[in-house]
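Only one structure is covered here, and it is reproduced in the block below.
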Amino acid sequence: MYSVIAILCVIKALTIGISFTQVFVHRHEAANGRTSCISQHIMGFNEKKEVVHQLVPASASSAQKTKSWRDVVNKSRSLLTLIDLAGHEKYLKTTIAGLTGCYPDFALVVVGANMGVTKMTKEHLGCVIALDLPLICVITKTDIAPDNVLQQTKKTLVRILESKGARRKAIEVRSEKDVDTCVANLSSKICPMFLVSSVNGTGLEFLYSYLSRLRPLNEMLREQSLTSPVEFSIDETFVVTGVGLILSGTVLQGTLDTSAELVMGPFGTGEFKKVQVKSIHCKRTPVEVCTAGNSCAISVRLVNRREQLRRIDVRRGMVIVDPAINPRSVRRFLAEVLVLHHPTTIKLGYQAVIHCGIIRQTATMTRILRDEFLRTGDRAQVEFKFIMRPEYIKPGQVLIFREGNTKGVGRVVKILEDDEDSAEALAAVSAAAAAAAAAGALPAVGGVAVDLAIPAPSAAVDAGVEANPNDTK
(Lines give C-alpha, C1' and ligand atoms only; values in the text may rest on other atoms or scores of the structure.)
Protein backbone atom coordinates (compact mmCIF):
# COMPACT_ATOMS: atom_id res chain seq x y z
CA MET A 1 0.00 0.00 0.00
CA TYR A 2 2.73 2.44 1.01
CA SER A 3 4.66 1.80 -2.24
CA VAL A 4 1.55 2.57 -4.31
CA ILE A 5 1.02 5.94 -2.61
CA ALA A 6 4.73 6.75 -2.87
CA ILE A 7 4.86 5.85 -6.57
CA LEU A 8 1.78 7.98 -7.24
CA CYS A 9 2.77 11.05 -5.27
CA VAL A 10 6.51 11.20 -4.95
CA ILE A 11 9.21 10.63 -7.57
CA LYS A 12 8.60 8.07 -10.27
CA ALA A 13 11.99 6.36 -10.41
CA LEU A 14 11.85 4.64 -7.02
CA THR A 15 12.90 1.17 -6.01
CA ILE A 16 10.62 -0.79 -3.70
CA GLY A 17 12.97 -0.31 -0.73
CA ILE A 18 13.09 3.47 -1.15
CA SER A 19 9.44 4.11 -2.00
CA PHE A 20 8.26 2.25 1.09
CA THR A 21 9.66 5.00 3.33
CA GLN A 22 8.37 8.01 1.38
CA VAL A 23 4.92 8.16 2.99
CA PHE A 24 5.94 7.74 6.63
CA VAL A 25 5.71 10.90 8.74
CA HIS A 26 7.11 9.65 12.07
CA ARG A 27 10.18 7.56 12.89
CA HIS A 28 8.19 4.85 14.64
CA GLU A 29 6.15 4.36 11.45
CA ALA A 30 9.30 3.62 9.47
CA ALA A 31 10.51 1.32 12.25
CA ASN A 32 7.39 -0.88 12.43
CA GLY A 33 6.10 -0.35 8.89
CA ARG A 34 2.67 0.93 9.97
CA THR A 35 0.98 4.26 9.30
CA SER A 36 -0.39 5.61 12.57
CA CYS A 37 -1.68 9.05 11.58
CA ILE A 38 -3.58 10.88 8.85
CA SER A 39 -1.19 12.41 6.31
CA GLN A 40 -1.79 14.22 3.05
CA HIS A 41 0.15 13.97 -0.20
CA ILE A 42 -0.50 15.76 -3.47
CA MET A 43 0.09 15.03 -7.13
CA GLY A 44 -0.76 17.12 -10.15
CA PHE A 45 -1.45 16.80 -13.85
CA ASN A 46 -0.26 19.36 -16.39
CA GLU A 47 -1.81 20.43 -19.70
CA LYS A 48 -0.60 17.24 -21.40
CA LYS A 49 -2.09 15.03 -18.61
CA GLU A 50 1.46 14.24 -17.48
CA VAL A 51 2.01 13.56 -13.80
CA VAL A 52 3.65 16.23 -11.62
CA HIS A 53 5.17 14.59 -8.54
CA GLN A 54 6.18 16.10 -5.23
CA LEU A 55 9.92 15.67 -4.78
CA VAL A 56 10.25 15.25 -1.03
CA PRO A 57 9.03 12.52 1.38
CA ALA A 58 6.36 13.07 4.02
CA SER A 59 9.02 13.14 6.74
CA ALA A 60 10.77 16.17 5.19
CA SER A 61 10.94 19.50 7.00
CA SER A 62 8.06 21.95 6.76
CA ALA A 63 10.12 24.31 4.59
CA GLN A 64 11.03 21.52 2.15
CA LYS A 65 7.42 20.34 1.86
CA THR A 66 6.15 23.88 1.37
CA LYS A 67 8.58 24.46 -1.51
CA SER A 68 7.76 21.09 -3.10
CA TRP A 69 3.98 21.55 -2.81
CA ARG A 70 4.16 25.05 -4.32
CA ASP A 71 6.14 23.66 -7.27
CA VAL A 72 3.44 21.04 -7.85
CA VAL A 73 0.70 23.69 -7.61
CA ASN A 74 2.44 26.03 -10.05
CA LYS A 75 3.14 23.32 -12.64
CA SER A 76 -0.25 21.60 -12.55
CA ARG A 77 -3.56 22.27 -14.19
CA SER A 78 -5.41 19.96 -11.80
CA LEU A 79 -4.48 18.62 -8.38
CA LEU A 80 -5.21 15.36 -6.60
CA THR A 81 -4.89 15.08 -2.81
CA LEU A 82 -4.28 11.60 -1.41
CA ILE A 83 -5.14 11.22 2.28
CA ASP A 84 -3.12 8.31 3.66
CA LEU A 85 -5.03 6.47 6.40
CA ALA A 86 -3.83 3.71 8.71
CA GLY A 87 -4.39 0.11 7.67
CA HIS A 88 -3.62 -1.75 10.89
CA GLU A 89 -6.40 -2.78 13.26
CA LYS A 90 -4.76 -0.86 16.12
CA TYR A 91 -5.41 2.43 14.31
CA LEU A 92 -8.92 1.74 13.01
CA LYS A 93 -10.30 4.73 14.93
CA THR A 94 -7.84 6.97 13.05
CA THR A 95 -9.00 5.53 9.73
CA ILE A 96 -12.66 6.11 10.57
CA ALA A 97 -11.86 9.66 11.68
CA GLY A 98 -10.21 10.29 8.31
CA LEU A 99 -13.15 8.88 6.35
CA THR A 100 -15.74 10.90 8.25
CA GLY A 101 -13.76 14.06 8.99
CA CYS A 102 -11.64 14.70 5.87
CA TYR A 103 -14.68 14.54 3.53
CA PRO A 104 -12.99 12.66 0.65
CA ASP A 105 -14.53 12.53 -2.81
CA PHE A 106 -13.39 8.94 -3.42
CA ALA A 107 -12.02 6.07 -1.33
CA LEU A 108 -9.11 4.07 -2.74
CA VAL A 109 -8.65 0.68 -1.05
CA VAL A 110 -5.32 -1.06 -1.67
CA VAL A 111 -5.25 -4.88 -1.45
CA GLY A 112 -2.10 -7.01 -1.54
CA ALA A 113 -2.50 -9.64 -4.25
CA ASN A 114 -0.32 -12.11 -2.33
CA MET A 115 -2.13 -11.55 1.00
CA GLY A 116 -5.69 -11.58 -0.28
CA VAL A 117 -8.73 -9.96 1.30
CA THR A 118 -7.93 -9.78 5.02
CA LYS A 119 -10.12 -9.00 8.02
CA MET A 120 -9.07 -5.34 7.94
CA THR A 121 -9.75 -5.13 4.20
CA LYS A 122 -13.33 -6.16 4.95
CA GLU A 123 -13.51 -3.60 7.79
CA HIS A 124 -12.35 -0.78 5.52
CA LEU A 125 -14.65 -1.83 2.69
CA GLY A 126 -17.55 -1.93 5.17
CA CYS A 127 -16.84 1.62 6.38
CA VAL A 128 -16.58 2.98 2.83
CA ILE A 129 -19.78 1.24 1.74
CA ALA A 130 -21.63 2.38 4.86
CA LEU A 131 -20.64 5.99 4.12
CA ASP A 132 -21.71 5.51 0.47
CA LEU A 133 -18.39 6.81 -0.86
CA PRO A 134 -17.37 6.11 -4.48
CA LEU A 135 -14.85 3.27 -4.30
CA ILE A 136 -11.68 2.47 -6.23
CA CYS A 137 -9.86 -0.83 -5.64
CA VAL A 138 -6.17 -1.31 -6.40
CA ILE A 139 -4.68 -4.81 -6.22
CA THR A 140 -0.93 -4.40 -5.82
CA LYS A 141 2.13 -6.71 -5.67
CA THR A 142 0.94 -8.58 -8.75
CA ASP A 143 4.59 -9.25 -9.62
CA ILE A 144 5.10 -11.62 -6.64
CA ALA A 145 1.65 -13.19 -6.32
CA PRO A 146 1.15 -16.67 -7.81
CA ASP A 147 -1.53 -16.68 -10.49
CA ASN A 148 -3.94 -18.85 -8.51
CA VAL A 149 -3.62 -16.59 -5.44
CA LEU A 150 -4.18 -13.48 -7.58
CA GLN A 151 -7.30 -14.99 -9.15
CA GLN A 152 -8.66 -15.95 -5.71
CA THR A 153 -8.04 -12.39 -4.42
CA LYS A 154 -9.95 -10.92 -7.39
CA LYS A 155 -12.78 -13.41 -6.98
CA THR A 156 -13.18 -12.67 -3.26
CA LEU A 157 -13.06 -8.91 -3.81
CA VAL A 158 -15.66 -9.04 -6.58
CA ARG A 159 -17.95 -11.21 -4.45
CA ILE A 160 -17.85 -8.65 -1.61
CA LEU A 161 -18.39 -5.67 -3.93
CA GLU A 162 -21.35 -7.26 -5.73
CA SER A 163 -23.03 -8.62 -2.58
CA LYS A 164 -26.49 -7.44 -1.51
CA GLY A 165 -25.04 -5.17 1.17
CA ALA A 166 -22.58 -3.39 -1.17
CA ARG A 167 -24.30 -3.51 -4.57
CA ARG A 168 -21.26 -2.21 -6.47
CA LYS A 169 -20.42 -3.17 -10.03
CA ALA A 170 -16.75 -4.20 -10.18
CA ILE A 171 -14.98 -3.44 -13.47
CA GLU A 172 -11.45 -4.78 -13.97
CA VAL A 173 -9.43 -2.18 -15.88
CA ARG A 174 -7.23 -3.83 -18.49
CA SER A 175 -7.13 -1.19 -21.25
CA GLU A 176 -7.67 2.49 -21.95
CA LYS A 177 -11.15 1.60 -23.17
CA ASP A 178 -11.99 0.29 -19.71
CA VAL A 179 -10.72 3.58 -18.24
CA ASP A 180 -13.08 5.47 -20.58
CA THR A 181 -15.98 3.29 -19.44
CA CYS A 182 -15.27 3.92 -15.74
CA VAL A 183 -14.83 7.68 -16.21
CA ALA A 184 -18.02 7.93 -18.26
CA ASN A 185 -19.97 6.14 -15.51
CA LEU A 186 -18.62 7.82 -12.38
CA SER A 187 -20.93 6.97 -9.50
CA SER A 188 -20.94 5.33 -6.11
CA LYS A 189 -22.22 2.12 -7.73
CA ILE A 190 -19.30 1.61 -10.15
CA CYS A 191 -16.02 0.29 -8.70
CA PRO A 192 -12.99 0.19 -11.05
CA MET A 193 -10.43 -2.46 -10.10
CA PHE A 194 -6.78 -1.93 -11.07
CA LEU A 195 -4.04 -4.60 -11.01
CA VAL A 196 -0.66 -2.94 -10.53
CA SER A 197 2.93 -3.53 -9.48
CA SER A 198 5.02 -0.74 -7.94
CA VAL A 199 8.20 -2.65 -8.86
CA ASN A 200 7.84 -3.15 -12.61
CA GLY A 201 5.11 -0.53 -13.21
CA THR A 202 2.51 -2.94 -14.57
CA GLY A 203 -0.94 -1.32 -14.75
CA LEU A 204 0.17 2.05 -13.40
CA GLU A 205 -0.46 3.80 -16.73
CA PHE A 206 -4.19 2.97 -16.50
CA LEU A 207 -4.35 4.11 -12.87
CA TYR A 208 -2.65 7.40 -13.76
CA SER A 209 -5.01 7.91 -16.69
CA TYR A 210 -8.06 7.31 -14.51
CA LEU A 211 -6.88 9.59 -11.71
CA SER A 212 -6.05 12.40 -14.15
CA ARG A 213 -9.67 12.43 -15.35
CA LEU A 214 -11.42 12.22 -11.99
CA ARG A 215 -13.84 14.97 -11.08
CA PRO A 216 -15.87 15.39 -7.88
CA LEU A 217 -19.34 13.86 -8.06
CA ASN A 218 -20.91 16.69 -6.06
CA GLU A 219 -19.68 19.77 -7.96
CA MET A 220 -23.24 21.06 -8.29
CA LEU A 221 -23.80 20.76 -4.54
CA ARG A 222 -20.52 22.54 -3.92
CA GLU A 223 -21.40 25.42 -6.24
CA GLN A 224 -24.74 25.85 -4.49
CA SER A 225 -23.00 25.95 -1.09
CA LEU A 226 -20.67 28.80 -2.10
CA THR A 227 -23.35 31.34 -1.25
CA SER A 228 -24.19 29.73 2.09
CA PRO A 229 -22.88 31.12 5.41
CA VAL A 230 -19.32 29.98 5.95
CA GLU A 231 -18.61 26.91 8.08
CA PHE A 232 -15.05 25.73 8.79
CA SER A 233 -14.33 22.48 10.67
CA ILE A 234 -11.09 22.33 12.72
CA ASP A 235 -9.15 19.07 12.62
CA GLU A 236 -5.64 20.08 13.78
CA THR A 237 -3.81 22.87 15.62
CA PHE A 238 -0.15 23.87 15.67
CA VAL A 239 2.00 26.89 16.50
CA VAL A 240 4.27 28.70 14.02
CA THR A 241 7.05 30.87 15.42
CA GLY A 242 6.34 34.52 14.71
CA VAL A 243 2.78 33.83 13.60
CA GLY A 244 1.12 32.12 16.52
CA LEU A 245 -1.71 29.60 16.62
CA ILE A 246 -2.64 27.97 13.30
CA LEU A 247 -5.82 25.98 12.70
CA SER A 248 -6.16 23.50 9.85
CA GLY A 249 -9.39 21.97 8.58
CA THR A 250 -11.98 21.92 5.82
CA VAL A 251 -14.38 24.60 4.60
CA LEU A 252 -17.70 22.74 4.61
CA GLN A 253 -19.78 25.52 3.07
CA GLY A 254 -19.54 29.15 2.04
CA THR A 255 -16.40 31.16 1.30
CA LEU A 256 -13.78 31.79 3.98
CA ASP A 257 -11.90 35.10 3.75
CA THR A 258 -10.20 37.62 6.00
CA SER A 259 -12.83 40.34 5.81
CA ALA A 260 -15.60 39.00 8.06
CA GLU A 261 -15.96 38.49 11.78
CA LEU A 262 -16.87 34.90 12.61
CA VAL A 263 -17.49 32.89 15.77
CA MET A 264 -15.52 29.87 17.00
CA GLY A 265 -16.60 27.14 19.38
CA PRO A 266 -17.94 25.37 21.24
CA PHE A 267 -15.33 25.83 23.94
CA GLY A 268 -15.39 23.67 27.07
CA THR A 269 -18.22 25.70 28.54
CA GLY A 270 -20.28 25.44 25.34
CA GLU A 271 -19.84 29.10 24.37
CA PHE A 272 -18.81 30.59 21.02
CA LYS A 273 -16.35 33.50 20.78
CA LYS A 274 -15.87 36.10 18.02
CA VAL A 275 -12.71 35.68 15.96
CA GLN A 276 -11.00 37.36 13.00
CA VAL A 277 -9.19 35.36 10.30
CA LYS A 278 -5.77 36.94 9.69
CA SER A 279 -4.37 34.79 6.87
CA ILE A 280 -5.18 31.66 4.84
CA HIS A 281 -2.91 29.03 3.27
CA CYS A 282 -4.26 26.40 0.84
CA LYS A 283 -1.91 23.63 -0.32
CA ARG A 284 0.84 25.49 1.56
CA THR A 285 0.24 28.47 -0.74
CA PRO A 286 -1.00 31.89 0.53
CA VAL A 287 -4.50 32.69 -0.79
CA GLU A 288 -7.07 35.41 -0.19
CA VAL A 289 -10.12 33.12 0.02
CA CYS A 290 -10.91 29.43 0.44
CA THR A 291 -14.18 28.07 -0.87
CA ALA A 292 -16.43 25.17 0.14
CA GLY A 293 -14.83 21.76 -0.15
CA ASN A 294 -11.20 22.87 0.26
CA SER A 295 -8.79 22.11 3.07
CA CYS A 296 -6.70 24.99 4.37
CA ALA A 297 -4.76 26.35 7.34
CA ILE A 298 -5.71 29.69 8.90
CA SER A 299 -4.33 32.10 11.45
CA VAL A 300 -6.96 33.62 13.75
CA ARG A 301 -7.23 36.01 16.69
CA LEU A 302 -9.98 36.78 19.17
CA VAL A 303 -11.90 40.01 18.52
CA ASN A 304 -11.84 40.69 22.26
CA ARG A 305 -8.17 41.58 22.68
CA ARG A 306 -8.43 41.22 26.45
CA GLU A 307 -8.71 37.46 25.96
CA GLN A 308 -5.95 35.19 24.72
CA LEU A 309 -6.54 32.24 22.41
CA ARG A 310 -4.34 29.37 23.58
CA ARG A 311 -3.69 26.13 21.78
CA ILE A 312 -4.91 24.17 24.81
CA ASP A 313 -8.34 25.85 24.45
CA VAL A 314 -8.85 24.67 20.84
CA ARG A 315 -9.59 21.05 20.01
CA ARG A 316 -10.49 18.89 17.05
CA GLY A 317 -14.19 19.10 16.23
CA MET A 318 -14.63 22.79 16.96
CA VAL A 319 -15.91 25.01 14.16
CA ILE A 320 -15.61 28.57 12.88
CA VAL A 321 -18.94 29.73 11.46
CA ASP A 322 -20.85 32.79 10.36
CA PRO A 323 -22.83 34.30 13.27
CA ALA A 324 -25.90 34.23 10.99
CA ILE A 325 -26.03 30.45 11.48
CA ASN A 326 -26.72 31.10 15.16
CA PRO A 327 -24.65 28.07 16.25
CA ARG A 328 -25.34 26.29 19.51
CA SER A 329 -23.53 23.61 21.45
CA VAL A 330 -25.16 20.19 21.67
CA ARG A 331 -25.02 17.52 24.36
CA ARG A 332 -28.11 15.48 23.42
CA PHE A 333 -29.38 14.50 20.00
CA LEU A 334 -31.68 11.99 18.34
CA ALA A 335 -30.32 9.73 15.60
CA GLU A 336 -31.64 6.96 13.41
CA VAL A 337 -29.10 4.14 13.59
CA LEU A 338 -28.42 0.77 12.01
CA VAL A 339 -26.44 -1.78 14.05
CA LEU A 340 -23.98 -3.40 11.65
CA HIS A 341 -22.54 -5.81 14.23
CA HIS A 342 -22.88 -6.48 17.95
CA PRO A 343 -22.10 -9.82 19.64
CA THR A 344 -25.07 -9.67 22.05
CA THR A 345 -27.65 -6.93 22.72
CA ILE A 346 -27.49 -3.15 23.17
CA LYS A 347 -29.54 -1.71 26.03
CA LEU A 348 -30.06 1.67 27.70
CA GLY A 349 -26.87 3.06 29.18
CA TYR A 350 -24.71 1.54 26.44
CA GLN A 351 -21.69 3.74 25.63
CA ALA A 352 -19.88 3.94 22.29
CA VAL A 353 -17.48 6.28 20.52
CA ILE A 354 -19.31 8.58 18.09
CA HIS A 355 -17.58 9.63 14.87
CA CYS A 356 -19.54 12.50 13.33
CA GLY A 357 -17.51 14.55 10.88
CA ILE A 358 -14.24 15.26 12.65
CA ILE A 359 -15.91 14.87 16.08
CA ARG A 360 -14.84 11.83 18.10
CA GLN A 361 -16.33 11.49 21.59
CA THR A 362 -17.97 8.84 23.74
CA ALA A 363 -21.75 9.10 24.10
CA THR A 364 -24.36 7.23 26.11
CA MET A 365 -27.60 5.81 24.73
CA THR A 366 -30.18 7.39 27.04
CA ARG A 367 -33.28 6.30 25.14
CA ILE A 368 -34.24 3.72 22.49
CA LEU A 369 -37.58 4.44 20.86
CA ARG A 370 -40.02 1.59 20.12
CA ASP A 371 -37.62 -1.10 21.41
CA GLU A 372 -35.96 -2.02 24.69
CA PHE A 373 -32.79 -3.35 23.10
CA LEU A 374 -30.98 -3.62 19.75
CA ARG A 375 -29.23 -6.49 18.00
CA THR A 376 -27.22 -6.87 14.79
CA GLY A 377 -29.27 -5.64 11.84
CA ASP A 378 -31.76 -3.68 13.96
CA ARG A 379 -32.68 -0.13 13.13
CA ALA A 380 -34.17 2.35 15.59
CA GLN A 381 -34.41 5.94 16.79
CA VAL A 382 -31.85 6.40 19.56
CA GLU A 383 -31.11 9.33 21.85
CA PHE A 384 -27.40 9.96 22.53
CA LYS A 385 -25.76 12.16 25.15
CA PHE A 386 -22.09 13.19 25.00
CA ILE A 387 -20.41 12.36 28.30
CA MET A 388 -17.56 14.90 28.33
CA ARG A 389 -18.39 18.18 26.59
CA PRO A 390 -20.85 19.70 24.10
CA GLU A 391 -20.20 19.55 20.36
CA TYR A 392 -21.47 21.32 17.26
CA ILE A 393 -23.58 18.98 15.14
CA LYS A 394 -26.55 19.47 12.82
CA PRO A 395 -29.51 17.37 11.67
CA GLY A 396 -28.64 15.34 8.59
CA GLN A 397 -25.03 14.58 9.53
CA VAL A 398 -23.89 10.98 9.15
CA LEU A 399 -22.31 9.25 12.14
CA ILE A 400 -20.50 6.00 12.88
CA PHE A 401 -20.49 4.54 16.40
CA ARG A 402 -18.14 1.81 17.57
CA GLU A 403 -17.07 0.00 20.72
CA GLY A 404 -14.81 -3.03 20.55
CA ASN A 405 -16.22 -5.23 17.77
CA THR A 406 -19.49 -3.30 17.75
CA LYS A 407 -20.11 -1.03 14.79
CA GLY A 408 -23.12 0.94 13.61
CA VAL A 409 -24.02 3.81 11.32
CA GLY A 410 -26.73 6.41 11.39
CA ARG A 411 -27.86 9.96 10.76
CA VAL A 412 -28.63 12.80 13.15
CA VAL A 413 -32.39 13.42 13.09
CA LYS A 414 -32.95 16.11 15.71
CA ILE A 415 -31.02 18.26 18.18
CA LEU A 416 -32.44 18.05 21.72
CA GLU A 417 -32.28 20.70 24.41
CA ASP A 418 -31.07 19.64 27.85
CA ASP A 419 -34.57 20.13 29.26
CA GLU A 420 -36.38 18.55 26.32
CA ASP A 421 -37.71 15.20 27.47
CA SER A 422 -41.05 15.20 25.73
CA ALA A 423 -41.86 11.64 24.72
CA GLU A 424 -44.53 13.02 22.41
CA ALA A 425 -41.99 15.15 20.53
CA LEU A 426 -39.62 12.20 20.09
CA ALA A 427 -42.46 9.95 19.00
CA ALA A 428 -43.49 12.51 16.36
CA VAL A 429 -39.96 12.56 14.92
CA SER A 430 -39.85 8.76 14.97
CA ALA A 431 -43.17 8.51 13.13
CA ALA A 432 -42.00 10.97 10.47
CA ALA A 433 -38.79 8.98 9.89
CA ALA A 434 -40.76 5.72 9.68
CA ALA A 435 -43.07 7.26 7.10
CA ALA A 436 -40.10 8.40 5.02
CA ALA A 437 -38.60 4.91 5.13
CA ALA A 438 -41.93 3.35 4.15
CA ALA A 439 -42.12 5.72 1.19
CA GLY A 440 -38.83 4.34 -0.11
CA ALA A 441 -36.71 7.40 0.66
CA LEU A 442 -33.96 5.33 2.23
CA PRO A 443 -31.84 2.79 0.34
CA ALA A 444 -31.30 -0.72 1.71
CA VAL A 445 -28.00 -1.80 3.23
CA GLY A 446 -27.65 -5.38 4.38
CA GLY A 447 -31.40 -5.88 4.12
CA VAL A 448 -32.21 -2.89 6.36
CA ALA A 449 -33.28 0.49 4.99
CA VAL A 450 -31.04 3.40 5.93
CA ASP A 451 -29.84 6.58 4.25
CA LEU A 452 -26.06 6.73 4.49
CA ALA A 453 -25.06 9.50 2.07
CA ILE A 454 -22.64 12.05 3.53
CA PRO A 455 -24.41 15.44 3.67
CA ALA A 456 -21.36 17.72 3.87
CA PRO A 457 -19.70 18.78 0.60
CA SER A 458 -16.50 16.87 -0.05
CA ALA A 459 -13.19 18.54 -0.77
CA ALA A 460 -13.51 19.20 -4.46
CA VAL A 461 -12.14 22.01 -6.61
CA ASP A 462 -9.19 24.05 -5.42
CA ALA A 463 -10.69 27.46 -6.16
CA GLY A 464 -8.40 29.04 -3.59
CA VAL A 465 -5.47 28.55 -6.00
CA GLU A 466 -6.70 30.09 -9.22
CA ALA A 467 -4.06 28.43 -11.40
CA ASN A 468 -5.33 24.98 -10.39
CA PRO A 469 -9.12 24.83 -10.74
CA ASN A 470 -9.44 21.07 -10.29
CA ASP A 471 -8.47 19.44 -7.01
CA THR A 472 -9.96 16.12 -5.98
CA LYS A 473 -9.42 14.16 -2.79
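The values are calculated or read from the model by the stated rules, or taken from the named source; none is laboratory data. Please read all numbers here as calculations on a predicted model, not as lab measurements. For neighbour counting, all protein chains shown are included, and Cβ atoms are generated from backbone atoms with ideal geometry for every residue, glycine included.
Annotations for the structure displayed:
- For the stretch 224-237, the tally of residues that are more than 19 Å from the chain's Cα centre (by Cα), in contact (Cβ under 8 Å) with a residue 40 or more places away in the chain and farther than 13 Å from Val251 by Cα stands at 0.
- Residue in the stretch 229-245 that is in contact with a strand residue (DSSP E or B) (Cβ under 9 Å, 6 or more places away or on another chain), outside the structural domain of Gly408 (by TED's automatic domain parsing), farther than 23 Å from Ala292 by Cβ and buried (at least 18 other Cβ atoms within 10 Å of the Cβ) present: yes
- Within the stretch 309-338, the set of residues being out of contact with any Phe, Trp or Tyr (no Cβ under 8 Å at 6 or more places or on another chain) and among the polar types (S, T, N, Q) comprises just one member, Asn326.
- Residue in the stretch 83-95 that is aliphatic (A, V, I, L, M), in contact with a helix residue (DSSP H, G or I) (Cβ under 9 Å, 6 or more places away or on another chain), in the same structural domain as Lys155 (by TED's automatic domain parsing) and farther than 20 Å from Gln22 by Cβ present: yes
- For the criterion of being in contact (Cβ under 8 Å) with a residue 24 or more places away in the chain, surrounded by fewer than 21 Cβ atoms within 10 Å (Cβ to Cβ) and in contact with a Ser or Thr (Cβ under 6 Å, 6 or more places away or on another chain), Asp105 fails.
- Wholly within the stretch 337-403, strands (runs of 3 or more DSSP E) carrying at least 2 residues that are closer than 25 Å to Thr95 by Cβ and of a type in the set (S, T, N, Q): 359-368
- With respect to the conditions (1) surrounded by fewer than 20 Cβ atoms within 10 Å (Cβ to Cβ); (2) under 30 Å from Ser68 (Cβ atoms); (3) assigned by TED's automatic domain parsing to the domain that holds Pro104, Val196 falls short on a single one, namely (1).
- Ala63 being outside any helix (DSSP H, G or I) and closer than 18 Å to His26 by Cα: no
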